[in-house]
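Data first, discussion second: the structure below is written as structure tokens.
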Amino acid sequence: MKRFFPLLILILLISLLVFPAYSQAKRYKIYVVSHGGPADPFWGVVMKGMKDAAAKFGVTAYYLGPEKFSIKEFIDLLESAIAKKPDGIVVTITNPVALDEPLRRAIKMGIPVIAINVPDDRPPEKAIPYLCYVGMDEYLAGVYAARRMLQEFTPKRAVIAIHEPGHAGLEARAKGISDVLGEKKIPVEKLDIGTDPTKALTTLKAYLQKYPDTDAIFTLGPLGAHPAIQLVEEEKLVGKVKIGAIDLTTRITDAIKRGVVVFTIDQQQYLQGYLPILFLKLYLDYGLIPQEKVLTGPFVVDKNNVNKVEETVKKGYR
Amino acid sequence: MMEVKSIGSFKELSKIFKIKEMGAIIGFVVIFIVFSILSPEFISWGNLLSTFTMAAELGIVAIGITMLMISGEFDLSVGSTFAVVPMVLALSINNKINPFLGFIFGIFLGAFIGYLNGIVTLKTEIPSFITTLGSMMFLRGILLAITGGFPIMLQEDIPFLKYFGGVCIGGLRYSGIWFIILAIIFAFILERTKFGNWTFATGGNLLASKALGINTNKVKLINFIICSFMAGLAGITTFARFKIIDPTLGQGMELEAIASAVIGGTFLSGGYGSIIGTFLGAFMIGMVRSGLVLAGAPAYWYRAFIGIVLIIAAIINTKIRKKTAG
């Protein structure tokens, strides 16, 4: 027992040295609550952005997200974040109706809120009055994809491979593509390919058989891009049928280098973790805040920048 | 006199309808004819073979599930097994383990998943629907945890994989050949061996089978193993072709495999079914899919059509069975 007390005092002294935060001025506490679990590679990048910004600007930031997609669990996490009365909340507006009440309550309590990744897409007078949105515009992603393809060439006919019909984000991307191509009077159609690679490939192949003049395939995610790349290579259609993709995977960047895929669209989600922390710090210190939307994407990846992009993917920035 | 004659001709007719696969055959022929009329490209070799490839992947899974369903059990975990087995193979190859060893290990793992599903179901006497629902989530979770949600890409070319996913002749792929071979083997096992008989008996009337001295638990356990083994093998054929495993690979496959079996005449309640029927059922689902694209149908209607085909096929099967039974 005699030895115990000096040891305890020593431990207390060391902990005071190691955690100076507790003895110094108060650090801002910010919660990032998203619908994506920390095991999801996409959200891993967002988390890295958040941590980097928190370290740089002397803020304490916590990431909360359900392991498996669940609106209920997501709302529970948000509620627990609000209960801690933090200095700021960063949140994905995955379901505006379900999030409406808790977020309005948080804003009333004086907690500044920034939306990331998914905005409240309801009309402004009905939308949750958060400070600003940091993320990609899904519709614009489709528009950029179609424009980039038009820069490459003017397709005779295009098909949009959608692997999850009814998914709001994917449908918005598809609409962006068909709106731009529609203006140019290029026939364009959505094709439900499903999430199974063999089925997706066969469905696309059947479509090409039915409409042999199809020379552009747009895919809305890796589950569309991977089978499309396989099809074009297996059927030796490289150069004849061009693929435009959305989202980043090594298979897609590889295919860009080999010329099978013309481009892909990235939403630079690192910024969706980094910028809100910076913005909240500026807001809390000086009341400065960007208005409405800060777009982190669509960012076009093609032959010109694919090497640099690949490097930063490996480092966890994309 | 007239009465006797009509009974005679009815017997002749019912003999033809006694073929278990009659419903599937009728459905198959009708769908084939309808799409051939709607689109000339439908009956091209290119399309039929690529449709067959699509059917093969689903069909191999469905053969296993048919065996298990006939013996009176379910397996919802086939979609996850379909992804986990090739994942093991891919990780072995990427970590410089002998690919053949990785293959053996993967196949064994597939069989082992079936063994676990079976043991848990039979020892604890909970419905296999629940056991395999649990293992479906568990295995998918393992897959997500190990891959971190990233797709796994095969980093080198492995020659022997050609015999699973590569092209055999023309547009015919090895997966299609596996499908045919496995269908013949299991049709033979089911219809011509003691084990096949036991499988029917176990699913048809469990208590009577036990009374007859059939080790029903052993029969079920073997069918659990067959089912997972086949799901794993089918997963390898897909992986061998695409050389990539997306973390969602195989999701929703369990229901489509069950649908193939049911369209082919297998009962959800067990005790009745056919491998040839399942073979046709899987092909039918493939035909509807590619057929609708080739017919230029609006894309968002496929799922609806497959749903309708499923219900009509089930109705035809039930009607025919009642006729033959009555």
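None of the figures in this text is laboratory data; all of them are computed from the coordinates on show. No experiment lies behind these values; they were computed from the predicted model shown. All Cβ positions, glycine included, derive from the backbone under ideal geometry; neighbour counts span all protein chains shown.
Observations
- Complete set of residues in the stretch B:143-166 that are of a type in the set (A, V, I, L, M) and under 22 Å from B:I60 (Cβ atoms): B:L143, B:I152, B:L154, B:I158, B:L161
- Scanning the stretch A:49-62 for residues that are surrounded by fewer than 19 Cβ atoms within 10 Å (Cβ to Cβ) and either of a type in the set (F, W, Y) or part of a helix (DSSP H, G or I) (or both) turns up A:K51, A:D52, A:A55, A:K56, A:F57, A:Y62.
- Among the residues of the stretch A:155-203, those that are among the β-branched types (V, I, T), closer than 19 Å to B:L294 by Cβ and assigned to a helix (DSSP H, G or I) comprise A:T198, A:T202, A:T203.
- Qualifying positions in the stretch A:120-157 - in contact with a Ser or Thr (Cβ under 9 Å, 6 or more places away or on another chain) and over 16 Å from A:D179 (Cα atoms): A:V134, A:G135, A:M136
- Condition check for B:F100: aromatic (F, W, Y) and either surrounded by fewer than 23 Cβ atoms within 10 Å (Cβ to Cβ) or away from every other protein chain (no Cβ under 14 Å) (or both): yes
- Flag for A:R251 being within 10 Å of chain B (Cβ to nearest Cβ), of a type in the set (K, R) and closer than 21 Å to A:P41 by Cβ: yes
- Test: residue in the stretch A:89-111 that is buried (at least 20 other Cβ atoms within 10 Å of the Cβ), of a type outside the set (A, V, I, L, M) and either more than 22 Å from the chain's Cα centre (by Cα) or under 30 Å from B:A299 (Cβ atoms) (or both): yes
- Taken over the stretch B:269-295, residues that are under 13 Å from A:K199 (Cβ atoms), touching a Gly at 6+ places or on another chain (Cβ under 9 Å) and away from chain A (no Cβ under 11 Å) amount to 1.
- Filter result (in contact with an Asp or Glu (Cβ under 9 Å, 6 or more places away or on another chain) and surrounded by 19 or more Cβ atoms within 10 Å (Cβ to Cβ)) within the stretch B:151-199: B:P151, B:I152, B:S175, B:F179
- Taking the listed residues B:F164, B:F138, B:F188, B:F150, the one that is hydrophobic (A, V, I, L, M, F, W, C) and away from chain A (no Cβ under 14 Å) is B:F188, with no other qualifying.
- The single condition among (1) surrounded by 14 or more Cβ atoms within 10 Å (Cβ to Cβ); (2) touching a residue at least 40 places away in the same chain (Cβ under 8 Å); (3) over 29 Å from B:S50 (Cα atoms); (4) away from every other protein chain (no Cβ under 14 Å) that B:N94 does not satisfy is (4).
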